[in-house]
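Q: Submitted below is the structure of interest, expressed as structure tokens.
Derivation of every value follows stated rules applied to the coordinates shown; laboratory data play no part. All values reported here derive from a predicted model rather than from experimental measurement. Note: ideal-geometry Cβ built from the backbone for every residue, glycine included; neighbour counts use all protein chains shown.
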Amino acid sequence: MTYRDDISGIGADHHWDFDGDSVDQIGSVNGTDTSILYTSSAIAEDATNCAETNAVADRVALATTTNINNSAQARKAVGGWFMATTIQTPPRRIYGEGTELTGFQFILAYGNTCLLEVIEPTNFNIQVITDRPLVPNRAYHLLGIFSGNAYDDEVSFYLDGVKQALTVPANP
């Protein structure tokens, strides 16, 4: 079974494989590319190429829909493959929705430490941090999950399928 089949089978709302473009394979929220290269070797199975960013302004922008860039979500899960080619010094957003006030984002920070941050200013600001830095030129699977109080009431971050335990605050 391919990743595409697995993702489709779990009922995902959207799927971008970034194998040559930023077309949404399930929904209809195609990305708008800015300086993205699609000629690098694939870092996941079932793909020929991957999206590469090599400058601060490189990005894929996704439209705001009911389940993307919408702070009213009661639960959300975002996952994908990621690889850094160097040690990151200033923090950089890998994936993000929202603003600095309300957001759901993966950040690669000092020394390739990665974190999931979920912010809703009147209720919480939670960070889950990887227990080890990401090694350059190695592909990692990142999965961030937010479940509001109508569900599990939890924020979780998985690196290569392993739940990360370092959180701020200590019991998110």
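Q: With an 8 Å Cα cut-off and a minimum separation of 6 or more residues, compute the relative contact order for the chain in percent.
A: Reported relative contact order: 15 percent.
Q: Let me ask something else about it. Assigning unit charges at the beta carbon (Lys, Arg +1; Asp, Glu -1) and nothing else, what dipole magnitude in debye, to the nearest 20, does the chain show about its Cα centre?
A: It comes to approximately 460 debye.
Q: Evaluate the distance, in nm, between pseudo-label points positioned 7 Å from the Cα of Val23 and of Ala139 along their respective Cα→Cβ axes.
A: The answer from the label model is 2.1 nm.
Q: May I pose another question? Can you list residues whose amide H is under 5 Å from Leu134's amide H, if they're 5+ apart or on another chain and H is modeled 1.01 Å from N?
A: Under 5 Å from the amide H of Leu134 lie the amide H atoms of Thr113, Cys114, each far enough along the sequence or on another chain.
Q: Picking from Ala109, Ala139, Ala55, which is most flexible by a Gaussian network model of the chain using Cα springs under 10 Å?
A: Result: Ala55 has the largest fluctuation of those listed.
Q: Moving to a separate point now. Length gain on complete extension for the stretch His15 to Ala165, per 0.36 nm per residue less the alpha carbon to alpha carbon distance?
A: Gain on stretching His15 to Ala165: 51.3 nm.
Q: On to the next question. From the C-alpha gyration tensor of the stretch 120-172, pull out the three semi-axes of the equivalent ellipsoid (sqrt of 5λ each), sorted largest to smallest, in whole Å. Please report the intermediate quantities before stating the final value.
A: Details: eigenvalues 110, 29, 17 Å².
Listed largest to smallest, the semi-axes of the stretch 120-172 are 23, 12, 9 Å.
Q: Compute the signed sum of charges (Lys and Arg +1, Asp and Glu -1) over the other residues within less than 13 Å, Cβ to Cβ, of Asp46.
A: Charge balance near Asp46 sits at -4.
Q: So what's the gap between the Cα centers of the stretch 134-159 and the stretch 62-100, to the nearest angstrom?
A: Result: 11 Å between the Cα centres.
Q: If you don't mind, another one. Build a GNM of the chain with springs between Cα atoms under 10 Å: which of Ala12, Ala51, Ala150 gets the top mean-square fluctuation?
A: Its mean-square fluctuation being the largest, the pick is Ala150.
Q: Between beta-carbons, use under 14 Å as the cut-off and find the net charge around Ile87, counting Lys and Arg +1, Asp and Glu -1.
A: Numbers: positive: Arg92, Arg132, Arg138; negative: none.
Neighbour charge sum, excluding Ile87 itself: +3.
Q: Please check: in the Gaussian network model of the chain (C-alpha springs, under 10 Å), which one of Glu117, Glu52, Glu154 has the largest mean-square fluctuation.
A: Glu154
Q: Where does the Debye-calculated log10 I(q)/I(0) of the stretch 82-172 sit at q = 0.25 Å⁻¹, using only Cα point scatterers of equal weight, no solvent?
A: Computed log10 I(q)/I(0) values: -1.38.
Q: Over the chain, what number does the Rg to Rh ratio reach, with both radii from the alpha-carbon atoms and Rh per Kirkwood?
A: Checking Rg against Rh, the ratio lands at 0.93.
Q: Once the other residues with Cβ under 11 Å from the Cβ of Ser35 are scored (Lys, Arg +1; Asp, Glu -1), what is the net sum? Provide the component values of the computation, followed by the final result.
A: Values: positive: Arg59; negative: Asp33, Glu52, Asp58.
Charge balance near Ser35 sits at -2.
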